[in-house]
Structures are given as structure tokens and as C-alpha cells.
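> Encoded as C-alpha cells, here's the structure I'll be asking about.
The values are calculated or read from the model by the stated rules, or taken from the named source; none is laboratory data. What you see is a predicted model, and the numbers here were worked out from it, not measured in a lab. Here the Cβ is made from the backbone with ideal geometry for all residues, glycine too, and neighbour counts use every protein chain on show. Note: accessible area is taken over every heavy atom of the protein model, side chains too, but ligands, DNA and RNA are not part of it. Shrake-Rupley method; radii C 1.70, N 1.55, O 1.52, S 1.80 Å.
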Amino acid sequence: MKITTEQFIKEFKRRLTDEYALDVKDATKEELYRTLAAVVKSGYFDIWRKSKNSFDQDQKKQVYYFSIEFLPGQLLKSNLLNMGWYTLVKKAFQELGLDLDEIAQVEPDMALGNGGLGRLASAFMDSSASLALPVNGNGIRYKYGLFKQKFVDGYQVELANAWLDQNNVWEVARPSKAVKVHFGGQVYLKEGADGTLEPVYENDKVILAVPYDTGIVGYKNRHVNTMRLWDAQIPAEEEINFPTIESRRRVEDLTSVLYPDDSNEAGKFFRLNQEYFFVSAGMQSIIRHYKQVHLSLLDLSQYVSVHINDTHPAMCVAELMRILLDDEKLSWEDAWKQTVQVMSYTNHTIMAEALEKWPLYMLEKVQPRLVQIIQEIDRRYALELEAKGQSQLLASTRPVKDNMIYMANLAIIGSHSVNGVAKLHTELLKQDVLKDFYTLYPERFNNKTNGITVRRWLEIANPSLTKTIDRVIGTKWHYDAKELHKLASHVSDKRLVDAIGQVKYQNKVRFAKYVKATMGLEISPKAIFDVQVKRLHAYKRQLLNLLRIIQLYLNLKQNPALDIYPRVFIFGAKAAPSYHYAKSIIKCINEVADLINHDDSLNDKLKVVFVEDYRVSLAEKIIPAADVSEQISTATKEASGTSNMKLMLNGALTVATLDGANIEIKDRVGEDNIFIFGLQKEEVLDYEQNHGYHSADYYQNDPAIHRVLDALVDGSIPHIQAEGREIFDSLVRANDEYFVLRDFEDYLRAQNEVDQLYRNQTQWNKKCLINIANAGYFSSDDTIRNYAEDIWQVTPTVSENGKVSAEDARYPL
Ligand SMILES: *Cc1c(COP(=O)(O)O)cnc(C)c1O
């Protein structure tokens, strides 16, 4: 059933006429994009319908992945790729005189997440569809995505991102599947006719949760999953309860903004409402659907798995209990048994300030019945520990303490599985942060190192590298990224090694053009492209990178003949709008960039590029052009990291601390193919526990550090009076929480090795090749396979043609 270019062109033209009454030559990019999206949808919608039905017909166990963030980026190209249409459409468009790349850029990024957490959720969506696993996403349809970032005088300015204004071509509204979510009021228990206690709600408000579904297209396997995002609306029959504009606005606001706090607890009442909204809507629709297909709720855990992605959906535990107890009349014991078997939880951080806790009185206002249930969970938990003779562990593990609800504790007690996101992170959970839980429930703990969608980050983002790889090892790696390891046996193939270098150079030319066009800045593709792209956070230590740049600048000013290999420092990072310190670092980087980029005496040895509005579609441009990947968080602070994986996959060499998944990257590529520096886990923990670090000593005793820090406050860098002082004080007076000064010297040593190695292009490119060859181990396909086998116990569905993952099963036109 192969489709030909002619057939596609005919269909495309027919659609364009049907929709707009236009010829190709008269259509705008926007119209062409929409028309293409319509053809694409007609190619997978029927399969989407069949995939959904097959779950029920086969009585398949289904997974519901609850995440308050999803970060899919643009969907057009990935849908085309997964349908097996990409090359064909590219060619067809060429014949029509159109450029697919240009038209694909019209699509606004679906930016319903802040960074790594949301991107991971979307990678998992892509991988589970591609493995034909029955996994459904459950989240919030934010009217405004993550803010758009602009720089004004070097300061971050946040603009609203009204991405839905252009309409989202991929979603389908399903008002017939709406559910009602109850908020507020009072609740008391009343004895029913049969002697059981029934909750009676008074003065509560009902809000309608309307699902918007997006098909998640599996890779050439004719399998389409669903990502369901909920929108808040006023139910028609409740209009009377929302008489004022203000009260109506409050409902709309519920799904209006994504909290831009990346890992700090938002601490807002509003956020708690959002959490309950998508948890309750999701859990209700799961149970309603379950009852249409299955008879007894006592079998629930055989057919349903609910995954709690970080603590934001932790109320799933209590909400499922509420439904099973109050609506379905199960006993506490039966309901609890099902709940624990159904739930599983992923922890994403050990940073204390990011572990959610909410005052009881706040949840009381959101949903008083959940407070009763959580208190009962807490009471029974205390009894359980007492019976086990382990009451000494109660205080550190109970869900309710000092009138606060500890969301991680609730998630762990209510789940059968708790996982960290990299080996080191999971070890830290077991030995340190969740040590007492590990003593109580060792069997619940497991590691699932994060992963990335290799197809998006290589096949879509880097077509020339893809071609080069295909020529050497074929295309099997498109299905199984571990096949990339076959490249490792080709390190002595001089032609391949050179080709890797040439592809990188082309990608750098491409990115340099983009920088010239968007920022007016000239950068040389011959220089080392040194990239740090991720959210701006103190623990990620963009500051360490900045101090090194300042030092290089000062050295070059002192000695213009200094022999350093030309470098372009590339940053992409958003700071949470309320994160003052992070915004000060942005301002300083921008001012240093301005100073350096306008100083002709540096002879183009240094350039600093801080791109505005870092997001998935921009990452797809930067990452293929990177030579160096900066992964320099303080050891123990970055749970996993995933940009480290994307960059290595694209042939960048990593400068890294032994933190998160960097350790696993090092284990794969070997010490010779990565630049490791800095404090290790034990040293950091020792400093923190024994207060043995005195940052001021480094300022006093190390002349190099002294000089660089002074530059922050002595006017050498213009326009950073307040920000330079703030940063200086954090490092010298507030004892440098993230050990920037402690790691500075070793960081310079590692960077010096980069400088030297880059001069030998063959040696360098060989190491790039080894990195690419080993990046397949970080495919989210494998990560999700492990979740499916170890945690969810679900298996792939069998496709139409009887194979689990049909080779090259293109989607029909
Ligand atoms: C991958 C990705 C991230 C995560 O980067 P880390 O270095 O792991 O923090 C954040 N934002 C975007 C747009 C990404 O693509």
C-alpha cells in the first residue's frame, strides 16, 4: 500500500482547494501548513480510532501517565516521520516548489511545560506509541503556554504565549466525554439506610472538565495513542452559580496559565486547584471508562496503571480512594489494596525546596473530602508502623505533619513503585532523602534512567548526520537505537570520521546563519561551539561557565597574543519570572556578551550568543551544531539531565561533573571520551553535612578567582552594578551554596583539555563518533520498555498485520 508522490500531491491540492479555494502558488505558509496537517490527520485518524477500540476489545491493561507538564514541541515533522511519510512529502513539496522545513516552522511549539520534566513526559508519549504500548497521557490544556522570553537591555522580559490563538490543528475537543469536578464547600458523613457512612456535600461548586485529545503517532507501526488534556469550563446548568465576570474568570483561569516555576514549589493556592482539577477529571474518566468494559472494581489493578510524574499529581492516591469508597462503595481495605497496586510514582528531584507540601487548610478549601481521606490514610499508616514496631520512622514518613500534607510521602505510601531518574539519583533517594521509606519498603524502589527520543533529536533535527550514519550501518537504529553501537567498530574508518566532522561543520554554518539573521551577530563556524542549554538555575551553574568566560576575556585583554582556540559560547535558558538570582545571571551573561562581541581587539577569539526564548524547536537547531556540551551542575543536584543525552547523540563532547546521567554517559563512552571535573557526590555531601566549605577563602587565596570576581563589581563589565554585586555576595559572603569557586580551577583544567584536543580534528571527531555510537543507550524507547515491564506490567498491542512493531508499516493516505 505504498503511496506515491503523485497521489500525495493530488490529495494535497484537492484539500487546498476544498479548504481555501486556492492554488499552491497563491497560498500562504500558514494555509499550506494547515492543509498539510489536514492530510496528515486523515492518514492516522482511522488508525487512532482502531487503536483505542483494540484496547477494550482485547481487554488490555492501560496506563495513564499523569503529568502537570507536557512539552511536545512541534508535531508536524514528527508525525510525518512516524507515519513513514517524511521523505515522500519532502520530495513532493520540492516538486511543488515548496520547502517543507519553512512550512513546518509556522507551527507554534506546544510549550505546556517548563523543561526537562515536561519534555520527558512527551518523549515517553512518543516511545510508548512507537512500541505499541497502551499508554495515555493525562494533563492540562493551558491556554497560555510557557512565557515567551525576550531580552530588553539584557534583562529577561516575559511575554504571554497565546499559542491557541492560531488554533491547534492536532487536538480534538470531546465535550461528550466531559466530567464534573467538585470544588470547595463543606462535607460531612451521614449514616445511610444500610448503616454505611455517606459523604454529604454542601455549597460546593461544580466545574466542567472538557477533554481535548491529541493522537500520538507510533513510529511506522500503525499504532496511535492519546494524550488527553483538560480544559475548565462552566457547566450549562451551573451558570447561575457564577453570576459575576470575576467568578467566571476564576474558572477559566484554572486552565489558563502554566506555572513557570521550574522546580521551586509554586506555593500558590491556584496551583493546588489546578492539581486537583486534572487529577479528579482524569481519575473520574478512567473509572467511568473502566466500568464500561469491566465488571468488578476489585480487578481494577489488573487493567489499570496510573503513573504519578513528580508530586503534582500525588492527589491521585486520595482521589481514587474517594471514588472507590464514596461512589463505588468499596471497603477501605479493598479500595486501598487496589489503589496501591494501581499507582506508581517517579521522583524527579532531591532539592528540598522543590518537594511539595501544602497546608491542610488550603486543601480543605479545594476539596474537604480529600482532607478527610488523607487524614485517614495518615492515621492508618501510623497504626501500620506501630504494628510493625517501626514507629520511630513515622515522623519522617507520614503524609500529614504539623498541619501540612507532604505530597511525596502521600505518593510513596500510596504506590507500589517509586523510581528515581538516574542511577546516582536513585541511590541518593535510597541512602539519603527517602532513606526511611527505603527501610520500610525496599521492594518499591527502582531506577529508571531518563531517555530521549532519538528519532526527533537525530532524524528530524540532524538529517545530514542521519544520512551519514545510514550509509554505514543501515537504518535498523531508527527502530532500535542501540544499533547505533555498530558505529563503534568504524572508528578507524578515516572517511567516516572526516564525514562526521564535515556534517558538524555544515550544521554550524546553518546555525551561524540563523544567529546572523535573528541577532545580527557574526560567528565563525570554525570556532568551537560551546553549548549550555537548559533552564537557568543556580544548581545548573551557568555562573561557573560565565566566570570562565570573564577570565578568558581578562586574559585576552592582558595578552592579546594568548594562544586560545576560538570559541563561541552559546546559551539558551529561561528563568522563572520570580527567580531573582537566576534573572541576575541572565543579565550578567548578556552584558558580558555585549562587551565581548563588540570588542574588536579580541580578534574573534571569543563570542557569546545568548539566544532568546529557548524551546524545543530552537533546541533542534542548536544541538546539531554543538561541539561541546556543558553539563556542569553541582554533583548530587541534577537528578538526570537529558540535554546531556541529546547533545552526545549529535556528536558533541561533554564537559561534565559526576552528576545525574553524566555518570552513565561516562560509563558508556569511557573516561577518554568525556571531560570530567569537579567535586564528587561524597565530597559534596561531606561539605554539606560538616559545614567544611568556606568560599571566602577561595576569593582571598586564589588570585585568579579574586580577579574574576572583582570584575563583577569594579565596573570592568558595564551595566551590572546591582546584579554583579548580588552574584559576588552569593559567592563570597553567602558561602557559595553550589561550590562554584571550589570547582572553578578544575573546570578550567577540563576546558583547557578541550582546547588542546580540538586542534587535532581527527582525534576529536573519533571521540564524537564514539559518543554517537553510545548514545543509543539513552533512547526513551528502552526507558519506557523498562517502565512497561517492571512497573506497569503492560505489553504491546498487536498491530493490524499481526506484528507487534511492523517493519516500515507506513500509514495509508
Ligand atoms: C531537553 C530539554 C530540556 C532539559 O534539559 P536539561 O539539560 O536536562 O535540564 C529543557 N528544555 C528543553 C526545550 C529541552 O529540549
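> With the condition being over 30 Å from Ile207 (Cβ atoms), I'd like the helices (runs of 4 or more DSSP H) fully within region 327-438 carrying at least 2 qualifying residues.
Output list reads 332-342, 368-388, 394-397, 423-428.
> As an exercise: evaluate Val89 against (1) more than 16 Å from the ligand (Cβ to nearest atom); (2) in contact with a strand residue (DSSP E or B) (Cβ under 8 Å, 6 or more places away or on another chain); (3) modelled with pLDDT of 95 or more; (4) open to solvent by less than 30 Å² (accessible area, probe 1.4 Å) and give the number of the one condition it does not meet.
(2)
> Considering region 146-170 alone, what residues qualify as being crowded, with 18+ Cβ neighbours inside 10 Å and farther than 25 Å from Asp262 by Cβ?
Answer for region 146-170, where residues must be crowded, with 18+ Cβ neighbours inside 10 Å and farther than 25 Å from Asp262 by Cβ: just Trp170.
> Residues Ile308, Ile323: which one is β-branched (Val, Ile, Thr), open to solvent by less than 40 Å² (accessible area, probe 1.4 Å), modelled with pLDDT of 95 or more and not in a helix (DSSP H, G or I)?
Going through Ile308, Ile323 in turn, just one is β-branched (Val, Ile, Thr), open to solvent by less than 40 Å² (accessible area, probe 1.4 Å), modelled with pLDDT of 95 or more and not in a helix (DSSP H, G or I): Ile308.
> I've got another one for you. Would you mind stating whether Leu679 is assigned by TED's automatic domain parsing to the domain that holds Ile632, assigned to a loop (DSSP other than H, G, I, E, B) and among the hydrophobic types (A, V, I, L, M, F, W, C)?
Yes.
> Read through the list (1) within 16 Å of the ligand (Cβ to nearest atom); (2) open to solvent by 10 Å² or more (accessible area, probe 1.4 Å); (3) farther than 22 Å from Leu458 by Cα, then give the number of the only condition that Thr657 fails.
Thr657 satisfies all of (1) within 16 Å of the ligand (Cβ to nearest atom); (2) open to solvent by 10 Å² or more (accessible area, probe 1.4 Å); (3) farther than 22 Å from Leu458 by Cα except (2).
> Now for a separate question. If you check Arg615 against the conditions, is it open to solvent by 10 Å² or more (accessible area, probe 1.4 Å) and within 11 Å of the ligand (Cβ to nearest atom)?
yes
> Here's a follow-up. Kindly list the number of the only condition in (1) more than 11 Å from the ligand (Cβ to nearest atom); (2) buried (at least 22 other Cβ atoms within 10 Å of the Cβ) that fails for Lys646.
Unmet condition: (1).
> Given the conditions (1) in a loop (DSSP other than H, G, I, E, B); (2) surrounded by 17 or more Cβ atoms within 10 Å (Cβ to Cβ), and given that Phe529 satisfies all but one, which numbered condition is not satisfied?
(1)
> Helices (runs of 4 or more DSSP H) wholly in region 73-142 with at least 2 residues that are closer than 17 Å to Ile452 by Cβ - which ones? It would help to see each step written out before you state the result.
Values: elements: 76-83, 86-95, 100-104, 116-130.
Qualifying helices (runs of 4 or more DSSP H): 76-83, 116-130.
> Given the criterion within 27 Å of Thr654 (Cα to Cα), open to solvent by 70 Å² or more (accessible area, probe 1.4 Å) and at pLDDT 95 or above, identify the matching residue among Gln751, Gln700, Gln763.
Details: Gln751 fails: open to solvent by 70 Å² or more (accessible area, probe 1.4 Å); Gln700 fails: within 27 Å of Thr654 (Cα to Cα).
Checking each option against the conditions leaves just Gln763.
> Do we find that Ala635 is open to solvent by less than 10 Å² (accessible area, probe 1.4 Å) and more than 12 Å from the ligand (Cβ to nearest atom) in this structure?
Against the criterion (open to solvent by less than 10 Å² (accessible area, probe 1.4 Å) and more than 12 Å from the ligand (Cβ to nearest atom)), Ala635 qualifies.
> Just to be sure before I move on: is Thr439 open to solvent by 20 Å² or more (accessible area, probe 1.4 Å), among the β-branched types (Val, Ile, Thr) and farther than 29 Å from Leu647 by Cβ in the structure I sent?
yes
> On to the next question. Just checking, how many residues over region 107-151 are in contact with a Pro (Cβ under 9 Å, 6 or more places away or on another chain), among the hydroxyl-bearing types (Ser, Thr, Tyr) and more than 16 Å from the ligand (Cβ to nearest atom)?
Qualifying residue count for the region: 1.
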